[in-house]
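Visitor: Quick one: the structure is below, and I'll ask about it shortly.
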Amino acid sequence: MSTPFKTAVLAAVLATSALAVLAQPAGGPPPEGSPGMQQHAPEHRAQRQERMKAHMAQRAAELKAELKLSPEQEGSWNAYLAAMKPSAPRAWPKREDLAKLSTPERLDKMRELRRQREEEFDKRDAATRSFYSSLSAEQQKTFDARTAGPMHEEGWRQHGPR
């Protein structure tokens with residue numbers, strides 16, 4: 001190919017790329033009445049929660065089968081499962097409501113929300129420790145392998161590379 005022809009092809013490619021970029025919609029807030037990124041329609045949220053419940057039930061059944069629990073361990077298992085169930089969705093304060101608060105009041109509100117999350121974590125921590133102590137050494141190894149790593153190994157692969 002000749003140099004002028006190469007230059008013309010390159011210019012055409014660049015111009016086409018520039019037009020594609022300019023044709024993208026402008027950023028900014030979503031149109032009035034449409035849900036924002038964090039505000040999903042209630043039916044979408046309910047469907048997502050149902051999928052999560054089904055997924056958690058399947059994982060619990062798989063873990064229980066791998067652990068080969070004895071009848072004496074059933075009570076501890078049931079207490080563990082009950083503690084691990086997600087709590088009711090928390091009503092987060094709206095931005096408009098937070099904007100009306102002074103900075104110290106906002107900080108107090110955020111501290112209270114952190115305290116509530118910590119209480120939930122402590123409840124799950126205690127239940128996990130109690131259940132773990134009821135397992136045999138071999139079951140503990142299985143439990144360790146199944147729950148090790150960030151987001152548990154198989155869950156991490158579903159959500160992104162390590």
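The values are calculated or read from the model by the stated rules, or taken from the named source; none is laboratory data. Just so you know, these numbers come straight off a predicted model, no measurement behind them. Note that we place each Cβ from the backbone using ideal geometry, even for glycine, and neighbour counts take in every protein chain shown.
Visitor: Residue by residue through segment 26-61, note down the ones that are modelled with pLDDT of 85 or more and within 24 Å of ALA91 (Cβ to Cβ).
Guide: Hits for segment 26-61 are GLN47, ARG48, GLU50, ARG51, MET52, LYS53, MET56.
Visitor: Do we find that VAL9 is modelled with pLDDT under 60 and either of a type in the set (Val, Ile, Thr) or in contact with a Cys (Cβ under 6 Å, 6 or more places away or on another chain) (or both) in this structure? I'd like the intermediate steps shown before the answer.
Guide: Working: modelled with pLDDT under 60: no; either of a type in the set (Val, Ile, Thr) or in contact with a Cys (Cβ under 6 Å, 6 or more places away or on another chain) (or both): yes.
In short, no.
Visitor: Return the only residue of ARG157, ARG129 being at pLDDT below 90 and either out of contact with any Ser or Thr (no Cβ under 6 Å at 6 or more places or on another chain) or surrounded by 12 or more Cβ atoms within 10 Å (Cβ to Cβ) (or both). Full working, then the answer.
Guide: Values: ARG129 fails: at pLDDT below 90.
Criteria check complete, one pass: ARG157.
Visitor: On the given criteria, is THR103 β-branched (Val, Ile, Thr) and surrounded by 10 or more Cβ atoms within 10 Å (Cβ to Cβ)?
Guide: No, not satisfied.
Here is a yes/no grid of residues against (1) assigned to a helix (DSSP H, G or I); (2) in contact with a Phe, Trp or Tyr (Cβ under 7 Å, 6 or more places away or on another chain); (3) under 28 Å from MET52 (Cα atoms):
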residue	(1), (2), (3)
ASN78	yes, no, yes
ALA83	yes, no, yes
SER87	no, no, yes
TRP92	no, no, yes
GLU96	yes, no, no
LEU107	yes, no, no
LEU113	yes, no, yes
LYS123	yes, no, yes
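Visitor: Something else: Any residue at all in segment 83-98 that is at pLDDT 90 or above and surrounded by 13 or more Cβ atoms within 10 Å (Cβ to Cβ)?
Guide: yes
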